[in-house]
Amino acid sequence: MKTKRLLATVLAVVMLLSVFSVISLAAGPYTFTLTQGPTKTEYYDYEKFSPAGISVTITDASGAYVESISYSSSSTRFQFSIDLSKKLTVDVTEVEIILDGVVVATVPVTVNHKYEENTSLGSTKHGTKCFGCGYVIPDSMEEHTYDDTAWTPNDDSSFLRDNTESNFCLECNHEIKREIDGTAGYDIEFEEYQFLRDLMVYIDLLLDAIFGAIKR
């Protein structure tokens, strides 16, 4: 009697394990399907990749629905082949979407330069420059051009400093300045004011030397 009961128990366990095995086999492996790609696929190279809009559906081996996962900024199950915290570069043409360590899909993206024409490139030239990465189109570089009759006084003189006047490049608006002699402080036609101005200069130099010595 005990033997028959033991055999029946063993048989029941084997049958139960078989059922679980069949269920497990039917439930996996899983299939990950990209049901909706990212909303934005065209970028300038001063932008970062946005996963907004991405949705993935998971089914089991029988094709039965398991779950749908949509990307959100708090999602830790999604990973990507690029760093979302960094700006895109023009050599990026695709991005891998990864969910739970599984590569779901590769989506194409387009990254372009954002060019600005007639941008100042320094004290001597201007040209067409990318707003994002700073690339300059070599053939676009030209020397600044100015109207020599268009100098504008800045009215920025002080007791010790002469006034200046500005001129601006006709193409990129780059500013240059020059000093206008004889506009500092009081009317220097009077000798005593000129002496006072020179005295203040010497005092200023003396104070700089004293402060420099103290700091050392």
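The values are calculated or read from the model by the stated rules, or taken from the named source; none is laboratory data. All of these numbers come straight from a predicted model, not from anything done at the bench. Here the Cβ positions follow ideal geometry from the backbone for every residue, glycine too, while neighbour counts run over all protein chains shown. Accessible surface is based on the protein model in full, side chains and every heavy atom, while ligands, DNA and RNA are left aside. Shrake-Rupley method; radii C 1.70, N 1.55, O 1.52, S 1.80 Å.
Starting from the Kirkwood Rh over alpha-carbon pairs, what translational D in µm² s⁻¹ does the stretch 41-100 have by Stokes-Einstein at 4 °C and 1.567 mPa s? All intermediate terms of the calculation are to be shown ahead of the outcome.
On the way: Rh = 13.2 Å.
Roughly 98 µm²/s, to the nearest whole number.
Evaluated at 37 °C with a viscosity of 0.692 mPa s, what Stokes-Einstein diffusion coefficient in µm²/s does the stretch 34-150 have when Rh comes from the Kirkwood expression over alpha-carbon pairs? Please report the intermediate quantities before stating the final value.
On the way: Rh = 17.2 Å.
In µm²/s, the coefficient rounds to 191.
Please turn the phi angles of the stretch 58-67 into ³J(HN,Hα) values with the Karplus equation 6.51 cos²θ - 1.76 cosθ + 1.60 (θ = phi - 60°), one per residue in order, whole Hz, x for glycine and proline.
Coupling constants for the stretch 58-67: 10, 10, 8, 5, 8, x, 6, 5, 10, 6 Hz.
What does the accessible area of SER85 come to, in Å² to the nearest 10, when a probe of 1.4 Å is used?
80
Report, in whole Å, the centroid distance computed from the Cα atoms of the stretch 137-160 and the stretch 104-129.
If we compute the Cα centre of each part, the gap is 26 Å.
Determine the relative contact order of the stretch 74-144: mean sequence separation of Cα pairs under 8 Å and six or more apart, normalised by residue count, in whole percent.
20
Can you give me the % of accessible surface on the stretch 33-101 that is carbon or sulfur? Probe 1.4 Å, all protein chains present, nothing else counted.
On the way: 1820 of 3880 Å².
Carbon and sulfur atoms account for 47 percent of the accessible area of the stretch 33-101.
When all C-alpha to C-alpha distances in the stretch 98-148 are sorted into bins of 10 Å, what percent of pairs does each bin hold, rounded to whole numbers?
23, 31, 16, 14, 12, 4, 1
Going by amide H atoms built from the backbone, whose H comes under 5 Å of the H on ASN112, apart from near neighbours?
Sorted by chain and number, the residues that satisfy this are TYR43, TYR44, ASP45.
Under a crude label model (7 Å from the Cα following the beta-carbon direction), how far is SER81 from CYS133 in nanometres?
Once both label points are built, they end up 1.8 nm from each other.
For every other residue with a beta carbon closer than 12 angstrom to the beta carbon of PHE78, add +1 if it is Lys or Arg and -1 if Asp or Glu, then tell me the sum.
-1
Test of understanding: what is the full-extension gain from GLU94 to SER55, defined as 0.36 nm times their sequence separation minus their Cα-Cα distance?
Value of the extension gain: 12.3 nm.
What residues qualify as long-range amide H neighbours of ILE180, i.e. H under 5 Å apart, gap of 5 or more or another chain, H built at 1.01 Å from N?
Amide H to amide H, under 5 Å and 5 or more residues apart or across chains, ILE180 pairs with ASN163, THR164, GLU165.
Using θ = phi - 60° and the Karplus form 6.51 cos²θ - 1.76 cosθ + 1.60, what ³J(HN,Hα) does each residue of the stretch 103-119 get, whole Hz, x for Gly and Pro?
With coefficients 6.51, -1.76 and 1.60, one gets 6, 7, 6, 10, 10, x, 9, 10, 10, 10, 5, 10, 7, 10, 7, 6, 9 Hz.
What spacing in nm lies between the two simple spin-label points modelled at GLU142 and LEU206, each 7 Å away from Cα in the Cβ direction?
Those two pseudo-labels are separated by 5.5 nm.
If each of ASN118 and ASN163 carries a label point 7 Å out from its Cα toward its Cβ, how far apart are those two points in nm?
Taking the simple label geometry, ASN118 and ASN163 are separated by 2.9 nm.
Rounded to whole Hz and in sequence order, give me ³J(HN,Hα) for the stretch 142-155 from the Karplus expression 6.51 cos²θ - 1.76 cosθ + 1.60, θ = phi - 60°, writing x for Gly and Pro.
9, 6, 4, 10, 10, 9, 5, 9, 10, 5, 10, x, 9, 6
Taking square-rooted eigenvalues a ≥ b ≥ c of the alpha carbon gyration tensor, is the stretch 76-116 rounded, prolate or oblate, where a/c under 1.5 means rounded and, failing that, a/b exceeding b/c means prolate?
prolate
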